[in-house]
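The values are calculated or read from the model by the stated rules, or taken from the named source; none is laboratory data. Given the structure is predicted, the values throughout are model-derived calculations rather than measurements. Virtual Cβ from ideal backbone geometry, glycine too; neighbours counted across all protein chains shown.
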Amino acid sequence: MGFVDEFKTFIARGNVLDMSIGVIIGGAFGKIVSSLTDDILMPPIGALMGKLDFSELHFPIINDPSKYDASILEKFGSLMHTPVDKVRAMGIPTIAYGNFINQVINFLIVAFCIFLLIKVVNSFTKKKEEDAAAAEKAEPTTKVCPECLSEIPIKAHRCKFCTAVLEEKQEA
């Protein structure tokens, strides 16, 4: 078997296709959750906290003042209110903790959505398991012939395969 044939066999496996579909759906699901977070949930949370966009929260780090212009150092306090991109363009290292907050909230929302999805799937699986258990507990409809070991209806008095007469079990 050649390399190309092996590759075709690998790609044609069901688990590879299932994984590919999962990755594609996961990417789409991630975009939906990101939109939910960025466009629907974060604006009210930001408004309640007095800041509309967490992604702009940052803390500039100036460890060697001699590297920077005196005018930049004079407005150090206002640097925290300057957009992150502009502060970084000035060459000032910045801890962008607001974006981290957005990502943590996004992760929690994704984790909660996956939890709910798994909970729903498990409820379906649990119902199937309960149905299977109930079917197992149901009264048997067949019995085994002691002569030929064939399965026959439970109410049969004679085996249809070997014609042996079956003894009736006496109920206690």
> Can you tell me which residues in region 33-52 are surrounded by fewer than 12 Cβ atoms within 10 Å (Cβ to Cβ), in a helix (DSSP H, G or I) and not small (Gly, Ala, Ser)?
Replying inline: ASP39, ILE40, PRO44, LEU48
> Within the group GLU167, GLU151, GLU130, which residue is of a type in the set (Asp, Glu) and touching a strand residue (DSSP E or B) at 6+ places or on another chain (Cβ under 6 Å)?
Replying inline: GLU151
> Does GLY98 meet the test of being of a type in the set (Gly, Ala, Ser) and under 20 Å from PHE54 (Cβ atoms)?
Replying inline: yes
>> Give all pairs with beta carbons closer than 9 Å in which a residue from region 80-97 that is without any contact (Cβ under 8 Å) to a residue 40 or more places away in the chain meets a residue that is among the aromatic types (Phe, Trp, Tyr); count only pairs at least 6 apart in sequence or on separate chains.
In response: MET80/PHE59; MET90/TYR68; GLY91/TYR68; ILE92/TYR68; THR94/PHE59; ILE95/PHE59
> Which ranges mark the helices (runs of 4 or more DSSP H) fully within region 53-172 that have 2 or more residues being out of contact with any Lys or Arg (no Cβ under 6 Å at 6 or more places or on another chain) and at pLDDT 75 or above?
Replying inline: 84-89, 97-137
